[in-house]
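Structure, as structure tokens:
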Amino acid sequence: MSKVERRDVLAGAAAFAGFAAVGLLPGTAAAATRQRPGAVRPPSLGTGDKAVVARVDARRALRHLKVLSDQIGWRIAGTESEHRAARYIAGELRDLGYKVELQPFPVADKYLAEIRAKGDVHWQCSASPQGAVASAKGTVLDAGAVTEVGAEANGRLVLFDRVAGQETAQMKAAVAQGARAVLIANVRSTTYPERKAASFTPSLSEAAPVPVLGLAEYHGAQIRGGVRELSFKVTHHSGLTSYNVLAERRATLPNPQGKAVVISAHYDSVPGSPGANDDGSGTVLCLELARVLKRLPTQQAIRICLWGSEEYGLIGARHYVRGLSEAGVAQISGCFQNDMVATSHPPAGTYWLLSVDGAVNTTTAAVTAAAERLGYTGQTKGPTARGSSDHEAFYERGIAAGNFSWRGGEAPSQLEPIYHTPEDTIRKNISLQRLQVSLELIGCAAYDVARRK
């Protein structure tokens with residue numbers, strides 16, 4: 001027997017002993033052999049797959065999502081809401097036995113408004129930096145998609161529909177008639193008319209003496225549906241620091257080259273959105289896989305990375321990757337980036353494998369192979385060329401990376417209609433079945449890579 005063969009046999013024996021230590025001898029996890037949720041054929045799982053599938057549970061992940069989306073809610077880059085989420089994530093990973101680091105980096109100021117009304121109405125939206133940083137309350141006047149208003153605006157909160165490029169004119173018209181504040185409800189784009197419009201930051205060509213808010217389409221609809229008395233406060237958040245939450249579990253078998261597999265997601269959300277699917281779902285997938293993988297035998301380290309400030313330009317992931325030395329880059333076998341992995345939107349039934357250049361790499365190949373073993377033949381698409389998520393940062397340094405997500409079947413640009421809106425909630429936008437499938441696909445794929453040298 002050659003030295004290489006002997007080493008492989010010893011590694012296999014060590015892995016078998018590792019499975020025994022966690023109660024997962026091959027053949028003992030009967031539940032792992034049943035047909036998977038939504039699969040077209042029964043699975044054909046290896047030992048490592050069974051170890052993952054027998055343990056991973058979307059319902060456990062949902063417990064974390066209730067904290068992030070329902071309790072913390074909006075997680076805006078650099079603000080206290082994002083910090084609360086970072087502390088929660090870090091605490092959960094430390095409790096699992098991972099070595100955890102909070103990696104800080106500076107981010108730009110934010111202008112945000114919190115809006116309240118009778119009952120349980122509590123919204124958030126962006127505010128214009130050129131508007132007054134102040135509080136206001138009063139009755140809403142619905143002006144519509146116009147740039148002029150009459151004397152009835154005096155002392156009122158004037159609600160406009162956004163007229164692109166005319167936000168300054170709308171502000172000036174309301175101010176001239178004595179309005180207390182200007183509320184501009186966003187409207188759908190012509191490029192993606194099926195998507196509801198998110199909150200936006202009104203850009204004004206001159207300073208305004210009153211607050212100017214950029215509401216989501218949802219907010220405008222709720223006001224017109226009867227929420228007519230509002231109070232709000234605009235806050236200028238300055239000197240901001242965001243954080244990446246970086247956790248690592250060392251390889252259990254010899255790993256002289258320090259190789260590592262990255263499983264990642266971003267945990268921030270856009271203003272006004274509790275971000276249940278985008279990207280609370282990817283975040284809790286990482287937390288659940290951290291639990292499942294913490295004691296399983298591997299040849300490589302497992303890194304769980306949760307990025308801050310993705311929504312403002314992939315800032316957290318790029319900060320992390322820029323800080324890697326060439327040796328650090330070479331150590332990463334692949335980055336499995338998970339972004340929007342649980343939508344309940346019926347047409348978003350295709351699981352996409354996205355690489356920046358559309359080429360097969362370690363991560364996309366591993367997910368394709370895992371899908372075959374799990375029985376999801378023909379139910380995934382890709383790899384397809386697409387960036388727009390944190391895998392871009394890794395690609396830019398030559399690291400194998402993929403973004404994995406549920407989207408419409410015709411193109412990965414087909415997202416759910418409530419993408420980035422206040423309606424991205426657990427109740428309206430989370431499928432436990434799709435989350436379970438995502439957990440099994442990424443869990444089996446990442447573990448298969450981590451078990452290899």
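The values are calculated or read from the model by the stated rules, or taken from the named source; none is laboratory data. Keep in mind the model is a prediction, meaning the values are calculated, not measured. Virtual Cβ from ideal backbone geometry, glycine too; neighbours counted across all protein chains shown. Areas reflect the complete protein model, heavy atoms only, side chains present, ligands, DNA and RNA absent. Shrake-Rupley method; radii C 1.70, N 1.55, O 1.52, S 1.80 Å.
General observations
- Residue within region 66-76 that is open to solvent by less than 60 Å² (accessible area, probe 1.4 Å), in a loop (DSSP other than H, G, I, E, B), at pLDDT 95 or above and out of contact with any Leu (no Cβ under 9 Å at 6 or more places or on another chain) present: yes
Okay, residues lined up against (1) of a type in the set (D, E, K, R); (2) surrounded by fewer than 24 Cβ atoms within 10 Å (Cβ to Cβ):
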position	(1), (2)
Met340	no, no
Ser344	no, yes
Val356	no, yes
Thr368	no, yes
Arg373	yes, yes
Gly378	no, yes
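- Any chance Ala90 is modelled with pLDDT of 95 or more and surrounded by 18 or more Cβ atoms within 10 Å (Cβ to Cβ): yes
- Test: residue in region 443-453 that is crowded, with 24+ Cβ neighbours inside 10 Å, within 19 Å of the chain's Cα centre (by Cα) and under 26 Å from Pro43 (Cα atoms): yes
- Residue check, Ala365 in a helix (DSSP H, G or I), within 26 Å of Ala450 (Cβ to Cβ) and touching a residue at least 40 places away in the same chain (Cβ under 8 Å): no
- Of the residues examined, Ala164 is one that is of a type in the set (A, V, I, L, M) and surrounded by fewer than 13 Cβ atoms within 10 Å (Cβ to Cβ).
- If you go through region 300-333 and pick out every residue that is at positive phi and either open to solvent by less than 10 Å² (accessible area, probe 1.4 Å) or free of Cβ contacts under 8 Å to residues at least 24 places away in the same chain (or both), you end up with 2.
- Here Glu114 clears all of (1) surrounded by fewer than 23 Cβ atoms within 10 Å (Cβ to Cβ); (2) farther than 20 Å from Pro422 by Cα except the condition numbered (2).
- Listed here are the helices (runs of 4 or more DSSP H) enclosed by region 385-453 that have at least 2 residues being out of contact with any Cys (no Cβ under 9 Å at 6 or more places or on another chain) and small (Gly, Ala, Ser): 432-450.
- Residues of region 404-425 that are open to solvent by less than 30 Å² (accessible area, probe 1.4 Å) and within 26 Å of His122 (Cβ to Cβ): Leu415, Glu416, Ile418, Thr421, Pro422, Glu423, Asp424.
- Residue list for region 262-298, filter: part of a strand (DSSP E or B) and either among the polar types (S, T, N, Q) or under 17 Å from Tyr312 (Cα atoms) (or both): Ser264, Ala265, His266
- Residue under evaluation Val210, criteria (1) surrounded by 22 or more Cβ atoms within 10 Å (Cβ to Cβ); (2) touching a strand residue (DSSP E or B) at 6+ places or on another chain (Cβ under 6 Å); (3) more than 17 Å from Asp142 (Cβ to Cβ); (4) not hydroxyl-bearing (Ser, Thr, Tyr), criterion not met: (1)
- If you go through region 90-119 and pick out every residue that is under 21 Å from Asp279 (Cβ atoms) and either in a loop (DSSP other than H, G, I, E, B) or touching a helix residue (DSSP H, G or I) at 6+ places or on another chain (Cβ under 7 Å) (or both), you end up with 10.
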